[in-house]
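Worksheet: the structure to be examined is printed underneath.
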Amino acid sequence: SPSCPDGRKRRVCYYYDPGISNVDYGEGHSMVPRRVAMAHSLVASYGLLNDMTRLRTRPASPEELLAFHDQKYVDLLGRLTPAAYMSDGNLRRTAEEHGIGPMRRLDGACTNDNPVIDGLMGYCLSYAGGSLAAARALCGGDHDVAINWSGGMHHACRGHANGFCYVNDIVLAIKQLLGRFRRVLYVDIDGHHGDGVEKAFADSNQVMTLSFHQYESQFFPGTGSIDDVGEGAGRYHALNVPLKKGMDDQGYHELFKPIVGKAMQVFQPDAVVLQCGADSLSGDRLAGLELSVGGHAECVRYLRGFNAPLLLLGGGGYTINHVASCWCYETAVAVGKEDEIAHEIPHHPYDHYYRSQGYRLQYRTEAPGSRSSGENKDAAVIRVKALE
Ligand code: TV7
Ligand code: CA
Ligand code: ZN
């Protein structure tokens with residue numbers, strides 16, 4: 001159980017690179033990096049930057065990516081610009097072999113999960129650099145919580161892009177943490193399965209991965225069944241909690257708290273990484289889970305209560321005002337001020353985005369009704385084999 005009163009202050013550091021607001025996956029693409037700028041602007045307007053150390057760090061170097069990614073893939077990322085992609089047939093073929101492109105269809109629409117975008121390598125080095133700096137801050141012992149909302153790109157693989165993710169900052173950060181801590185628990189509350197992180201550590205008993213996600217036919221990426229438990233030395237160190245759409249706060253926490261509590265007790269991690277993908281919120285444009293901001297943030301509050309070094313990362317989230325509200329509120333939870341910040345969203349440059357939620361941080365969406373609470377009763381009796 002939590003080893004210290006939850007109200008106690010934590011030393012929190014925070015990474016934000018304003019360059020993220022210029023990153024564009026293409027018109028109509030679900031991933032809108034500007035949501036991170038919106039979250040930051042909200043954090044700033046609530047005065048929360050005064051309660052954290054801002055990590056002013058250089059971007060990662062291409063060499064640092066090699067701690068997980070392979071040389072050929074990193075070289076490709078370094079060369080891949082929209083112009084080079086258009087003019088060089090070999091490069092185009094190589095990019096597509098690594099999951100990137102084609103840029104757009106003949107009618108001009110962008111329909112690729114991982115498009116060739118302007119400033120691709122700079123974007124990757126920035127969000128990876130942020131997660132690495134955040135991990136180093138925890139290793140140094142002078143911060144208890146470290147935040148990078150631009151990170152959390154859990155689908156990227158060693159040698160290819162996947163699911164909007166080009167480099168896997170989470171794997172890089174966990175490897176950094178393993179330089180100082182013996183055991184790292186990774187918890188993933190994004191609505192999608194954290195497949196890239198799970199796979200990277202599938203045979204490790206130093207990293208336990210635990211993903212909660214929507215799991216239904218046709219729902220990306222299709223992995224993360226309850227029987228997926230890791231392999232070799234890592235057997236029972238990968239845990240998956242597949243959920244049906246419609247899962248709400250109550251049903252979610254009937255699973256989250258006992259399972260995470262048990263994982264903390266059994267695995268005794270020296271550090272915790274929480275991927276806070278906000279596409280598990282109700283009203284998300286891609287996923288069908290029904291968490292409220294309060295229910296999502298309760299995951300942060302609960303893990304913070306254990307008082308292990310905690311790395312908070314972003315991830316998915318496709319209704320961007322909800323995402324920004326959520327990550328701002330979770331920043332307040334991290335610094336212990338969630339009861340002090342006003343519900344009314346302050347005037348700030350992005351405030352017009354919050355009209356549909358009545359300019360309130362903890363907006364309420366229509367009650368989802370009992371649409372699938374019945375179906376999720378099955379999930380509620382989930383037996384996580386490793387923890388029995
Ligand atoms: C962490 N779902 C990432 C989640 C990655 C989900 C997918 C889209 C999508 C992409 C678009 C787009 C979209 C409305 C939604 C099998 C396909 C079907 C591309 C259209 N609109 C995270 C990845 C997932 C791109 N991919 O966990 C451009 O939805 O289901 C798929 C794969 C093939 C490719 N097509 C989709 O949240 C950050 N993509 C519109 C424009
Ligand atoms: Ca997940
Ligand atoms: Zn997601």
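No value in this document is a laboratory result; all are computed from the given coordinates. All figures in this text were calculated on a predicted structure; none of them were measured in a lab. In this analysis, Cβ positions are derived from the backbone assuming ideal geometry, glycine residues included, and neighbour counts consider all displayed protein chains.
Quick notes on this one:
- Out of every Cα-Cα pair that region 215-255 contains, those further apart than 16 angstrom amount to 48 percent.
- Net charge dipole size for region 12-386 [Lys, Arg +1 and Asp, Glu -1 on Cβ; Debye, nearest 20]: 400
- Of G163, V187, N321, farthest towards positive along the dipole that unit charges on Lys, Arg, Asp, Glu beta carbons give region 12-386: V187
- Pairwise Cα distances in the chain exceed 29 Å for 38 percent of all pairs.
- Using θ = phi - 60° in the Karplus curve 6.51 cos²θ - 1.76 cosθ + 1.60, the 3J(HN,Hα) couplings for region 237-252 round to 9, 10, 10, 9, 10, x, 10, 8, 4, x, 4, 9, 3, 5, x, 4 Hz; x is entered for Gly and Pro.
- D (Stokes-Einstein, µm²/s), Kirkwood Cα radius, region 34-137, 0.890 mPa s at 25 °C: 155
- The convex hull defined by the C-alpha atoms of region 170-265 has an orientation-averaged projected area of 6.1 nm².
- With each label modelled as a point 7 angstrom along the Cα→C-beta vector, the R158-R180 pair spans 2.7 nm.
- The chain - share of DSSP beta bridges that are antiparallel (%, nearest 5): 5
- Estimated dipole of region 219-360 in Debye, rounded to 20 [Cβ of Lys and Arg +1, of Asp and Glu -1, Cα centre]: 80
- Largest to smallest principal axis extent of the C-alpha atoms in region 210-338, angstrom: 42, 38, 23
- For the chain, lysine pairs with C-alpha atoms less than 19 angstrom apart, excluding pairs fewer than eight positions apart on the same chain, total 10.
- Highest mean packing comes first when the peptides 171-184, 21-34 are listed by Cβ atoms within 10 Å, giving 171-184, 21-34.
- Mean Cα-pair separation over length for the chain, i.e. relative contact order, pairs under 8 Å, 6 or more apart, %: 20
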